[in-house]
Every structure is written in structure tokens, then in C-alpha cells.
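Trainee: One structure follows; several queries about it will come next.
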Amino acid sequence: MDSNQPRAETPQPPQGRRGGGGNGFSAILAVFLSFIAIFVMMMNQTPSTIRNGLSILHQVPEGHVGVYWRGGALQKTITDPGFHLKLPFITHYEPVQVTLQTDQVRDIPCGTKGGVMINFEKIEVVNRLHKDFVHDTLLNYGVQYDNTWIYDKIHHEINQFCSSHSLQQVYIDVFDQIGKKMKDALQGDCTRYAPGIEIMSVRVTKPTIPESIRHNFEQMEEERTKVLIAIEKQRVVEKEAETSKKMAISEAEKSANVSKILMEQKLMEKDSARKQQEIENQIYMAREKSLANAYFYRVLKEAEANKLKLTPQFLELKFVEAIANNTKIFFGEKIPSMFLDQRLLGNFLQQLARNVSEEEKSTA
């Protein structure tokens with residue numbers, strides 16, 4: 001641009017020549033028109049744009065890159081955060097964010113499959129423009145690239161989604177899937193047409209529906225809640241009854257096991273007592289049998305000994321001892337004849353010896 005022309009001195013034609021004043025007037029008019037054009041351009045721009053065009057030193061904030069236009073043509077120069085220089089009025093500069101940013105798309109009307117009009121008050125799209133694709137993205141879609149691929153695209157996808165679903169589905173059944181579907185739709189088109197844009201997530205708020213329909217939904221939800229509460233109460237009662245049944249069965253099994261153990265214990269005690277009594281009886285029988293055998297053996301041996309003792313001499317000895325042990329003393333002129341009659345004693349002993357010999361013969 002010829003911004004220095006007003007300061008240049010216009011050569012004056014020689015005074016002797018005529019008709020040179022027309023050239024000087026044309027030069028002044030051209031300079032004046034140039035100033036007017038610059039002024040008009042400055043008036044049509046915003047204060048920040050004017051300040052951007054006039055400044056030579058500019059700052060690129062952190063998380064952004066600097067992008068430049070010269071004469072309306074996008075330059076390939078991309079600057080990092082910091083201070084940089086540019087030509088005033090000739091080079092235009094814009095900072096472009098390359099970190100995560102959240103675009104809020106507001107007031108999105110749409111009609112459901114059943115013809116009910118609803119409105120999404122706000123949908124937030126978290127996205128990022130990769131630094132390596134800044135030049136290509138801005139070259140194809142401009143600085144406001146997010147208007148094309150986020151704001152307008154969200155409106156389009158929301159209307160497509162609502163037109164293929166009923167109000168029940170949009171508001172309740174598949175509402176939790178809207179965010180994922182929007183993210184997949186946006187990322188699919190961005191990957192195909194604007195690969196530098198990455199969609200991180202989409203957050204969708206509940207849509208606004210007509211008041212009468214919302215009241216019906218609230219009543220339905222209230223009734224559904226009551227049903228769920230009744231079902232849960234029934235489950236609790238069933239669980240309590242089942243628990244009580246299990247406890248009763250457990251107590252009965254416990255009592256039965258205790259009774260069985262006590263019965264087995266008593267039976268074991270009885271069996272032990274029976275075995276002990278049997279042992280004692282066997283001991284007693286063995287002792288009594290031993291005593292009886294001993295007594296029988298003693299009596300038998302005494303009898304055999306007595307047989308051996310039954311001799312006339314032994315009997316005579318016993319007879320004499322019996323008489324000698326008699327403490328009676330007889331006084332008088334006549335002594336009993338039994339005491340003095342030796343023949344009587346001899347006959348008695350002979351008869352006894354014959355009886356013994358006969359018994360021995362009979363036994364033999």
C-alpha cells in the first residue's frame with residue numbers, strides 16, 4: 001500500500017509552463033481517496049481487529065497457535081505461544097486453540113417420530129484441533145470451523161435421531177445412548193472430511209417437552225416407582241419368610257442333632273454299663289466256680305483221707321480220746337460196764353472194719 005505518498009513532496013512544474021496544475025491535483029486526489037478507503041476499512045472492522053491490524057508485536061497465548069493471512073491469503077506459517085512480529089495492515093493474525101475446548105450448542109428444536117416437538121437446551125461437545133492439521137482445516141473451513149462440524153452438525157444429527165425415535169425412547173428409553181451416538185456421528189464425518197478435529201465426548205441434557213406430556217411422564221414414573229416399591233417390599237417379605245424358615249429348620253435340625261447325640265450318649269452309657277456288668281458277672285462266676293471246685297476238691301480229698309483213716313487202730317484211738325476227754329468222774333462201788341468191757345469195744349471195732357472192707361470191695 002502507498003501509505004507514504006502523502007508525505008512525499010509533489011514536484012512543482014515550472015512557473016513558465018501552463019497546464020501542470022492538473023497533475024498535482026490528481027496526485028492529491030489519489031492520496032485523499034486512499035486515506036478514505038483505509039478509514040472505511042477500519043470503520044467496518046471490530047476494535048480488536050483494528051488493534052490486530054495496527055499492531056506490530058503480538059502475543060500467542062498458551063494452548064494456541066498463531067495463524068496469519070496476508071492480503072486475505074492464508075499463510076503456511078504457524079507460530080507457537082509467545083511474542084511475534086508482523087506487518088501492520090498487511091498481515092492479519094488469529095490465535096487458534098489446539099488444546100481441549102468445550103463448545104456449547106444451545107436451543108436445538110426437533111420433532112419426534114410421533115410429531116411431538118421437543119427442545120434440547122444445551123449439548124456440550126468436548127473437542128480438540130490437532131496442531132498438525134491447523135492449516136488444512138482453516139484453509140478448507142475457516143477460523144469458525146466448529147460452526148460447520150460441531151454446531152451445525154449437532155443440529156442435523158439431533159433432528160435425525162429424534163425423527164427416527166418416539167418421545168418415550170428419546171426422553172427415557174434410549175436417552176443414555178444419545179451422547180455416544182452423537183459422538184460417533186460427529187467423529188465419523190470429521191475423520192472423513194476434517195481429520196484434524198477430534199471429538200472427545202458429548203454431554204446431552206434432558207430435553208424440554210410439553211408440560212402436559214411431562215406431567216404424564218411424571219405420573220407414569222410415580223406409578224412405576226410405586227410398583228417397584230411394592231415389588232421390593234414383597235421381596236423383603238419373601239426373604240424374611242425364607243430366613244425365618246431357614247432359622248426354624250436350623251433350630252429343628254440343631255435340636256434333633258442334640259437329641260440324637262444325647263440318645264447315643266445314653267445308649268453308649270447303657271452299653272458300657274452292660275458290658276461292665278457282664279465282666280463283673282463273669283468275674284463272680286469264675287470266682288464262685290473256683291471256690292466250688294476248691295470246696296469240692298477239699299471235701300473229696302477229706303473223704304479220701306477219712307477212708308484212709310478208717311482203720312481199727314485209728315478208730316480205737318479216737319474212741320480212747322473221746323473217753324479220755326470226758327470230764328465226768330464216776331464214784332461208787334460199781335463202774336459202768338461199757339467203760340470196762342473190753343470185749344464190747346473189740347467187737348465194735350471188728351464190725352466196723354468188716355463194713356469198711358465190704359464197701360471197698362463194692363466200689364472196686
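The values are calculated or read from the model by the stated rules, or taken from the named source; none is laboratory data. Because the structure is predicted, anything quoted here is derived from the model rather than measured. All Cβ positions, glycine included, derive from the backbone under ideal geometry; neighbour counts span all protein chains shown. Each accessible area value is taken on the protein alone, full model and side chains, heavy atoms only, with ligands, DNA and RNA left out. Shrake-Rupley method; radii C 1.70, N 1.55, O 1.52, S 1.80 Å.
Trainee: Got at least one residue in region 179-193 being within 30 Å of Tyr68 (Cα to Cα), free of Cβ contacts under 8 Å to residues at least 40 places away in the same chain, open to solvent by 60 Å² or more (accessible area, probe 1.4 Å) and of a type in the set (Lys, Arg)?
Mentor: Yes, some residue in region 179-193 is within 30 Å of Tyr68 (Cα to Cα), free of Cβ contacts under 8 Å to residues at least 40 places away in the same chain, open to solvent by 60 Å² or more (accessible area, probe 1.4 Å) and of a type in the set (Lys, Arg).
Trainee: Could you go through region 261-269 and let me know if any residue there is in a helix (DSSP H, G or I), within 30 Å of Lys361 (Cα to Cα) and either open to solvent by less than 100 Å² (accessible area, probe 1.4 Å) or modelled with pLDDT under 75 (or both). Talk me through it step by step, then tell me what you get.
Mentor: Within region 261-269, the subset in a helix (DSSP H, G or I) is 261-269.
Applying the additional criterion that residues be within 30 Å of Lys361 (Cα to Cα) yields none.
No; the residues of region 261-269 include none that is in a helix (DSSP H, G or I), within 30 Å of Lys361 (Cα to Cα) and either open to solvent by less than 100 Å² (accessible area, probe 1.4 Å) or modelled with pLDDT under 75 (or both).
Trainee: Another question, if that's okay. Which of (1) surrounded by 10 or more Cβ atoms within 10 Å (Cβ to Cβ); (2) under 18 Å from Arg354 (Cα atoms); (3) modelled with pLDDT of 75 or more is the odd one out, the single condition Glu316 does not satisfy?
Mentor: The failed condition is (3).
Trainee: Looking at region 273-312, which of the residues that are basic (Lys, Arg) and closer than 24 Å to Arg354 by Cβ is least open to solvent (accessible area, probe 1.4 Å)? Full working, then the answer.
Mentor: Kept after step one, since they are basic (Lys, Arg), are these residues of region 273-312: 274-275, 287, 289, 298, 301, 307, 309.
Imposing the further condition that a residue be closer than 24 Å to Arg354 by Cβ reduces the set to 307, 309.
On the way: Lys307: 134, Lys309: 95 Å².
Residue satisfying both the conditions and the ranking: Lys309.
Trainee: Does Asn23 fit the bill of being farther than 17 Å from Leu138 by Cβ, at pLDDT below 60 and open to solvent by 70 Å² or more (accessible area, probe 1.4 Å)? Working first, answer last.
Mentor: Numbers: farther than 17 Å from Leu138 by Cβ: yes; at pLDDT below 60: no; open to solvent by 70 Å² or more (accessible area, probe 1.4 Å): yes.
So Asn23 does not fit the description; no.
A quick yes/no check of all residues on (1) within 16 Å of Phe120 (Cα to Cα); (2) part of a helix (DSSP H, G or I); (3) small (Gly, Ala, Ser); (4) over 28 Å from the mean Cα position of the chain (by Cα):
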position	(1), (2), (3), (4)
Val170	yes, yes, no, yes
Pro195	no, no, no, yes
Lys206	yes, no, no, yes
Ser212	no, yes, yes, yes
Glu218	no, yes, no, yes
Ala230	no, yes, yes, no
Gln234	no, yes, no, no
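Trainee: I'd like the full set of residues that are crowded, with 16+ Cβ neighbours inside 10 Å and among the hydrophobic types (A, V, I, L, M, F, W, C), limited to region 194-216.
Mentor: Ala194, Ile197, Ile199, Val202, Val204, Ile209
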